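K.L.:
Attaching a single structure in structure tokens format; questions to follow.
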Amino acid sequence: MQKLEQLYEGKAKKVYATDDPELYIVDYKDDATAFNGEKRGTIVGKGVINNQMSNYLMKRLEKEGVPTHFVEELSERETLVKKVQIVPLEVIIRNIAAGSFSKRYGVPEGEPFASPTIEFSYKNDDLGDPLINSYHVLAMKLATPEEIETIKKYAFKVNEVLSAFWSECGVTLVDFKLEFGRLADGTIVLADEISPDTCRLWDKATGEKLDKDRFRRDLGGVEDAYAEVMRRLREHDA
Ligand code: ADP
Ligand code: UDP
């Protein structure tokens with residue numbers, strides 16, 4: 001597999017073309033941003049952890065019937081993925097109130113929900129990723145009704161599989177963001193990444209935050225938190 005030209009540089013990853021028109025290489029950086037790019041920094045070693053964690057979790061999800069873009073881990077920071085056309089939605093599942101949910105609805109952070117919630121944001125940096133509902137999605141032709149149903153079904157399945165997995169690691173899966181894409185034939189698959197950048201992960205025993213909130217909220221110990229969740233994940237299968 002040959003790595004060809006860089007197609008895109010995002011906030012956390014670079015995307016490269018390959019000599020196969022259906023495959024991309026993603027390259028994970030240590031760069032961290034928050035609040036729509038207003039806060040910037042570096043989390044040393046994050047790219048390696050996010051790459052390896054995301055690949056591990058996507059492999060688990062594939063086994064449980066959720067199709068993903070994952071093909072092969074090429075190096076510590078690089079992964080071969082199926083090229084998709086990203087559905088421009090951030091799909092957010094929540095089990096416990098936190099972050100923007102707590103702010104918006106006045107529910108204290110840490111309050112568990114009677115049942116998990118799903119919400120969509122319109123993936124558009126210029127607009128600050130505004131909340132959007134399925135009628136808006138249809139009106140703007142961002143996805144078809146069938147695609148929305150498939151995305152919802154997979155997102156809740158991801159929550160079931162990952163909540164159980166993280167629980168076995170002594171970690172509570174509070175909430176997370178997913179992105180989906182279309183393969184050339186239109187099949188919907190899970191894309192992008194699943195990592196402490198995109199999930200809220202709390203230590204089950206102490207409630208300690210083991211995710212990007214340590215960076216967003218200047219809590220310190222950011223690198224240690226990423227390393228700790230990665231250690232728990234590795235220990236799970238050891
Ligand atoms: P951002 O664009 O939000 O700054 P990243 O730095 O993570 O985010 O950049 C990665 C980009 O690649 C994102 O825009 C993401 O939607 C996109 N992407 C993720 N997986 C795939 C894939 N399999 N095919 C095409 N694009 C992808
Ligand atoms: N999230 C993400 N990317 C975003 C926005 C949110 O990965 O652009 C994740 C975030 O890490 C958290 C979940 O989605 O796990 C819910 O985030 P929330 O809406 O509470 O936003 P925030 O508090 O980050 O503003």
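The values are calculated or read from the model by the stated rules, or taken from the named source; none is laboratory data. The model shown is predicted, which means the values in this text are computed figures rather than measured ones. Here Cβ is always computed from backbone atoms with ideal geometry, including for glycine, and neighbour counts include all displayed protein chains. The protein model used for the area step is the full one, side chains on, heavy atoms only, and it has no ligands, DNA or RNA in it. Shrake-Rupley method; radii C 1.70, N 1.55, O 1.52, S 1.80 Å.
K.L.:
Once phi is turned into ³J(HN,Hα) by the Karplus curve 6.51 cos²θ - 1.76 cosθ + 1.60 with θ = phi - 60°, what whole-Hz value does each residue of the range 195-201 show in order, with x for glycine and proline?
P.N.:
With the stated coefficients, the range 195-201 comes to 7, x, 6, 10, 10, 9, 10 Hz.
K.L.:
Tabulate in residue order the Karplus-calculated ³J(HN,Hα) for the range 156-165, using 6.51 cos²θ - 1.76 cosθ + 1.60 with θ = phi - 60°, rounded to whole Hz; enter x for Gly and Pro.
P.N.:
In residue order, the calculated couplings are 5, 5, 4, 4, 4, 5, 6, 4, 5, 4 Hz.
K.L.:
Given H placed on each backbone N at 1.01 Å, which residues far from LYS13 in sequence or on other chains put an amide H within less than 5 Å of it?
P.N.:
Amide H neighbours of LYS13: LYS29.
K.L.:
From the Cα gyration tensor of the range 101-174, with a ≥ b ≥ c the square roots of its eigenvalues, which class applies: rounded if a/c is under 1.5, or else prolate if a/b is larger than b/c, or else oblate? Write down the numbers at each step before the final one.
P.N.:
Details: a/c = 2.33, a/b = 1.43, b/c = 1.63.
It comes out oblate by the Cα gyration axes.
K.L.:
Taking the DSSP beta bridges in the chain as the whole, what percent of them are antiparallel, to the nearest 5? Walk me through the numbers before you get to the answer.
P.N.:
Working: 46 of 47 bridges.
Of the beta bridges lying entirely in the chain, close to 100 percent run antiparallel.
K.L.:
Still on this structure, I have one more. Going by amide H atoms built from the backbone, whose H comes under 5 Å of the H on GLU109, apart from near neighbours?
P.N.:
Under 5 Å from the amide H of GLU109 lies no amide H from a residue far enough along the sequence or on another chain.
K.L.:
Follow-up question, since we're still on this one. Ranked highest first by the average count of other Cβ atoms within 10 Å around their residues, in what order do 62-75, 192-205 fall?
P.N.:
Details: 62-75: 15.9, 192-205: 21.6.
In decreasing order of mean packing, 62-75, 192-205 become 192-205, 62-75.
K.L.:
For the range 105-114, in order, what is each residue's ³J(HN,Hα) by Karplus, 6.51 cos²θ - 1.76 cosθ + 1.60 with θ = phi - 60°, in whole Hz (x at glycine and Pro)?
P.N.:
Coupling constants for the range 105-114: 10, x, 9, x, 4, x, 6, x, 8, 5 Hz.
K.L.:
On to the next question. Counting each DSSP H run of 4 or more residues in the chain as -39500 (n - 2.57), what helix-only mean residue ellipticity at 222 nm follows after dividing by all residues, to the nearest 500 deg cm²/dmol? If you can, show how the numbers build up before the last one.
P.N.:
Details: 6 runs with 74 residues, N = 238.
It comes out at -9500 deg cm²/dmol, rounded to the nearest 500.
K.L.:
For the range 1-88, report the accessible area per residue in Å² (1.4 Å probe, heavy atoms, rounded to an integer). The partial results should precede the final answer.
P.N.:
Details: 4420 Å² over 88 residues.
Here the residues of the range 1-88 average 50 Å² of exposed surface.
K.L.:
Taking a ≥ b ≥ c as the square roots of the Cα gyration tensor eigenvalues, with a/c under 1.5 meaning rounded and otherwise prolate when a/b beats b/c, else oblate, which class fits the chain?
P.N.:
Values: a/c = 1.38, a/b = 1.11, b/c = 1.25.
The shape class here is rounded.
K.L.:
Let me ask something additional. With a 1.4 Å probe and every protein chain kept in, tell me what percent of the accessible surface of the chain is carbon plus sulfur.
P.N.:
Working: 5700 of 11410 Å².
So the carbon and sulfur contribution to the accessible surface is 50 percent.
K.L.:
Along the charge dipole of the range 1-124, Cβ charges K/R +1 and D/E -1, which of MET53, VAL66, PRO88 sits furthest on the positive end?
P.N.:
PRO88
K.L.:
What is the distance, in nm, between label points placed 7 Å from the Cα along the Cα-to-Cβ direction at LYS3 and at SER167?
P.N.:
Each label point is offset 7 Å from its Cα along the Cβ direction, giving 4.0 nm.
K.L.:
Out of residues 5 or more away from ASP20 or on other chains, whose amide H comes under 5 Å of its own, with H placed 1.01 Å from N in the peptide plane?
P.N.:
The list, which skips near neighbours in sequence, is GLN2.
K.L.:
Still on this model: Taking R0 as 22 Å, what FRET efficiency do you get between LYS153 and VAL107 from their Cβ-Cβ distance, rounded to the nearest 0.05?
P.N.:
Details: r = 26 Å, r/R0 = 1.18.
The pair LYS153/VAL107 has a calculated efficiency of 0.25.
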